[in-house]
1. Based on other C-beta atoms within 10 Å, arrange Phe266, Phe156 from fewest to most.
2. Please arrange Val71, Val134 by counting, for each residue, the other beta carbons lying within 10 Å of its beta carbon, fewest first.
3. For the chain, can you list the cysteines whose C-beta has no other cysteine C-beta under 4.7 Å from it?
4. Give the cross-link partners of Lys165 among the aspartates and glutamates, using a straight C-alpha distance below 15 Å as the criterion and excluding same-chain residues fewer than 8 apart.
5. Let me spell out the model: positive unit charges on the Cβ of Lys and Arg, negative unit charges on the Cβ of Asp and Glu, origin at the Cα centre of the chain. What dipole size does that give, in debye rounded to 20?
6. Please work out the C-alpha center-to-center distance from the range 262-283 to the range 308-349 and express it in whole Å.
7. Given the Cα-Cα distance of Gln248 and Asp433 and 0.36 nm per residue of separation, how much length would full extension add, in nm?
8. Please list 410-417, 104-111, 283-290, 423-430 highest first by mean number of surrounding beta-carbon atoms within 10 Å per residue.
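Here, each number is a calculation from the coordinates, and none is a lab measurement. Note that the coordinates shown come from a computational prediction; the quantities given were computed from them, not determined experimentally. We place every Cβ from the backbone using ideal geometry, glycine too, and count neighbours over all the protein chains shown.
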Amino acid sequence: MKPNSGAAQKARAVDRQRRKVLKLIAAGGAGVITSPWTFQSSRAAPKTIKIGQITPETGPIAAFGEPSKWVADAVSKFLGDGIVVAGEKHRVEILNRDSQSNPNRASEVAAQLINNDRVDIMIASSTGDTTNPVADQCELAGVPCVTSDDPWQSWFFGRKGDPKKGFEWTYHFFWGFDMAANMFAEMWLTLPGSNKIAGVMLTNDPDGIAASDPVRGLPATIKSHGFDVHYLGLYPPLADDFTAQITQLKNLNADIACGIFNPPQFAIFWTQCAQQGYRPKIVTPPKALLFPTAVEALGDRGAGMSTEVWWSHHHPFKSGLTGETAQQYCDAYEKASGKQWTQPLGFKHANLEVAIDVLKRAKKLDAASIRDAIAQTDYQSIVGPITWKGGPTNPVPNVCTTPLVGGQWEKGTKWKYDLNIVFNGSAPNIPLDRPFSAIQYS
């Protein structure tokens, strides 16, 4: 090969390039050299799991959803960098949405979470105005869904559920109207001196309609305990005049007033009772007086009001996720928020607990596997045992009942009013604070 031939020049160019590459390697500059397969060999990051959460944070029933964001933030912090599903670790994102106490809005945000955010599992809570439209959207779209904090008959029969079939994608845990009616009646029977005449009025909404069932509803069940029950009918959810109902209660000489109310409507009703001279011995309005703020709105006339208690700081359960007891969880909430604990606090946490337990047990991260994991749930939550595997706590498919006891508000020490457990015949493992007593009028 001649020194100046084309072939010789080409060889020298190749040699120079080879020496240049070797120098780059020796100098640590090899990092700038890439090959076409460098990025192809790295694995894609695991999918982020999305949990949709819908509760009412504004509107007439906002008190039910008030702790939702705090609960979601606390659970997110506890989960840290994620959970393991089917052998792979995934980050978890909780997408919290406000139903605005409106069933149409609840349905709308559920559709957005399903179609736009592509949630892997949906949770929702706080009355049939939230749980039912969300569950309906999930059932239609084939999205696994777990709801709570709505009497199960309102959720199941309010959605045209068939006890022989149940639902495919949607599951629920909470107590039922039959449990509440039995508990109320048994609690009232512990008070001597009542004439056992009870007037019952109900809201014209999913909860009230379900509670009015002539066989399974509130009036029929209370009557079966020997009470003289007078059903005063359905009234508009935003009613502001209860003169007709109060007149009937006075004419009946009813010692007991019972009815489903939203908190603002009960405040109106109880004010009008005072104005019209109706002074019953027992007032037990389901749904209306679950929250300290609702009782405080009654001024000094909140003491002695009785209510259903589905969860409290005294409940003997702890979170299967964090290990916190009910008392510890209430203490943490009060310290962080400066507000008194409320009953929905426990169920908001339990809803997320159950969803996370389900995801951890899913064989794959797909809708069918998550749904199957829900059906096989057998879990110890902060509100008690949750299972859909069959047994006494499953009155119909897709429903799990939770414990229910009776409570009564009295003037408090740290807070304006305290909620005491005054009847536990339906759940003896939940400790009593004191016996049930009649309302004292000044």
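1. Phe266, Phe156
2. Lowest count first: Val71, Val134.
3. When partners are defined as cysteine Cβ atoms under 4.7 Å apart, the chain leaves Cys258, Cys273, Cys330, Cys400 without one.
4. Cross-link targets: Glu139.
5. 2900 debye
6. 30 Å
7. Residue separation times 0.36 nm, minus the Cα-Cα distance, leaves 63.2 nm.
8. 283-290, 104-111, 423-430, 410-417
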